[in-house]
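Encoded as structure tokens, the structure appears first; notes follow it.
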Amino acid sequence: MKRKIGWVLAAALLVLLAAGGCAPKTPTAKKKPTPVKTEQKAETVPTYRVVADNNLDKFKQAHGQYRTINYDPQDDLVSLLPESLAKLKKYPQTTTVRAYVTDWQQAPAQPSGRLVTVLTVYVQKVLTGRKKLAKQELQLTLPGGFIPYGQFGKGAYDHDDTVPDAEVVLTQNNQVPIPTIGSTIVVPVTKLATQQWDKNYIAWMKQAKLTTAYVPVDDHSMIWRCNPQTKKLTTNNPLQEKWRTGDQIWNRKYQRITTQLEEQL
């Protein structure tokens, strides 16, 4: 009798085990990996751009809306534009820079009465010449500046009598428009020469604190405006924009050096 009960219990146990083994398993849901949060860092604005923005605000407050008078200096211009970048590299005491304009100040008038604007530029890159000028600030002098219209060209054939004499206007060479704060330029520069000037001019340079300033090697044909996004150059001289097209010797020379400079940007 005991043996019979033992067989019955064993059989029942096997049935239970079989039933448990055949029961469908509940699928275990896979946990999705928790996405890692990545913090996007805000773009760091270079200090020189912050300085430029502040100076631009000050410039707008000082001058507001103003009229620009482009004058023809009636000069016999001789272009120093080289045939190629290789030739430009051989220019003595010349450094070609890509620079960002951070400030615009007017110097005291020269002894001759000529107006001079002083740009402060931050050198983003040196394309030819003195590499140590990279990441430096330079002063760059250009002709032109603000003056009451009545003191400018009074009696000249192109004097506009409809402009009030007291109105302060920006006067600039029609082939050398002054780049604005916040613009990027490419320009070969050299130090202001002092040997060729008389003592009055040298005294003016000291008064204006321009003894370490630079000038464009050729302000009417070798200043380019640079588009930072496209890395393309356009001439600063609106009267010479036609140089980018055409098949004359001069056009080809200008196109060649412009393309070569773009490749260095």
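The values are calculated or read from the model by the stated rules, or taken from the named source; none is laboratory data. Values in this document were obtained by computation on a predicted structure and should not be read as measured data. Virtual Cβ from ideal backbone geometry, glycine too; neighbours counted across all protein chains shown.
Can you name every one of the strands (runs of 3 or more DSSP E) wholly within region 57-130 that holds 3 or more residues which are more than 23 Å from the chain's Cα centre (by Cα)?
Filter on region 57-130 gives 67-71.
State all residues of region 47-62 that are among the β-branched types (V, I, T) and touching a strand residue (DSSP E or B) at 6+ places or on another chain (Cβ under 7 Å); if no residue qualifies, say none.
V51 - this is the single residue of region 47-62 that is among the β-branched types (V, I, T) and touching a strand residue (DSSP E or B) at 6+ places or on another chain (Cβ under 7 Å).
With the condition kept exactly as written, say whether any residue in region 124-131 is in contact with a Leu (Cβ under 8 Å, 6 or more places away or on another chain) and at pLDDT below 95.
No, the conditions are met nowhere in region 124-131.
Being modelled with pLDDT of 70 or more and exposed (fewer than 11 other Cβ atoms within 10 Å of the Cβ), is that true of even one residue in region 29-44?
Checked region 29-44: at least one residue is modelled with pLDDT of 70 or more and exposed (fewer than 11 other Cβ atoms within 10 Å of the Cβ).
May I ask you to verify whether G153 is touching a helix residue (DSSP H, G or I) at 6+ places or on another chain (Cβ under 9 Å) and touching a residue at least 40 places away in the same chain (Cβ under 8 Å)?
Against the criterion (touching a helix residue (DSSP H, G or I) at 6+ places or on another chain (Cβ under 9 Å) and touching a residue at least 40 places away in the same chain (Cβ under 8 Å)), G153 does not qualify.
Quick one: which residue in T180, T171, T190, T162 is farther than 22 Å from T95 by Cβ, of a type in the set (V, I, T) and assigned to a strand (DSSP E or B)?
T171
Being surrounded by 13 or more Cβ atoms within 10 Å (Cβ to Cβ), touching a Ser or Thr at 6+ places or on another chain (Cβ under 8 Å) and aliphatic (A, V, I, L, M) narrows it down to one of V186, V168, so name that one.
Among V186, V168, only V186 is surrounded by 13 or more Cβ atoms within 10 Å (Cβ to Cβ), touching a Ser or Thr at 6+ places or on another chain (Cβ under 8 Å) and aliphatic (A, V, I, L, M).
Can we say L210 is more than 24 Å from Y71 (Cα to Cα), assigned to a loop (DSSP other than H, G, I, E, B), touching a residue at least 40 places away in the same chain (Cβ under 8 Å) and not hydroxyl-bearing (S, T, Y)?
Against the criterion (more than 24 Å from Y71 (Cα to Cα), assigned to a loop (DSSP other than H, G, I, E, B), touching a residue at least 40 places away in the same chain (Cβ under 8 Å) and not hydroxyl-bearing (S, T, Y)), L210 qualifies.
How many of the residues in region 73-107 are modelled with pLDDT under 95, closer than 23 Å to W197 by Cα and touching a helix residue (DSSP H, G or I) at 6+ places or on another chain (Cβ under 6 Å)?
Going through region 73-107 one residue at a time, the tally reaches 0.
From (1) in contact with a Lys or Arg (Cβ under 9 Å, 6 or more places away or on another chain); (2) modelled with pLDDT under 95; (3) surrounded by 14 or more Cβ atoms within 10 Å (Cβ to Cβ); (4) not in a helix (DSSP H, G or I), pick out the condition that doesn't hold for D218.
Of everything listed in (1) in contact with a Lys or Arg (Cβ under 9 Å, 6 or more places away or on another chain); (2) modelled with pLDDT under 95; (3) surrounded by 14 or more Cβ atoms within 10 Å (Cβ to Cβ); (4) not in a helix (DSSP H, G or I), D218 misses just condition (1).
Can you tell which of N173, N200 is closer than 29 Å to P111 by Cα and under 23 Å from the mean Cα position of the chain (by Cα)?
Exactly one residue qualifies, and that residue is N173.
What's the number of the condition L115 fails, among (1) surrounded by 17 or more Cβ atoms within 10 Å (Cβ to Cβ); (2) touching a residue at least 60 places away in the same chain (Cβ under 8 Å)?
Every listed condition holds for L115 apart from (2).
Checking the structure you have, find out if any residue of region 251-263 is surrounded by fewer than 19 Cβ atoms within 10 Å (Cβ to Cβ), outside any helix (DSSP H, G or I), modelled with pLDDT of 85 or more and not hydroxyl-bearing (S, T, Y).
no
Return the pairs, sorted by first residue and then second, in which the second residue is outside any strand (DSSP E or B) and of a type outside the set (G, A, S), the first residue lies in region 63-88 and is within 18 Å of G144 (Cα to Cα) and touching a residue at least 24 places away in the same chain (Cβ under 8 Å), the beta carbons are less than 6 Å apart, and the residues are 6+ apart or on different chains.
What qualifies is N70/N174; D72/N174; L77/H220.
Among T117, T94, which is within 30 Å of V45 (Cβ to Cβ) and of a type outside the set (G, A, S)? It would help to see each step written out before you state the result.
Values: T94 fails: within 30 Å of V45 (Cβ to Cβ).
Only one candidate qualifies: T117.
Take the residues of region 177-193 that are among the hydrophobic types (A, V, I, L, M, F, W, C) and modelled with pLDDT of 95 or more: which is nearest to N237 (Cα to Cα)?
The extreme case among them is I178.
Does at least one position in region 193-206 carry a residue that is surrounded by 19 or more Cβ atoms within 10 Å (Cβ to Cβ) and among the hydroxyl-bearing types (S, T, Y)?
No: region 193-206 contains no residue that is surrounded by 19 or more Cβ atoms within 10 Å (Cβ to Cβ) and among the hydroxyl-bearing types (S, T, Y).
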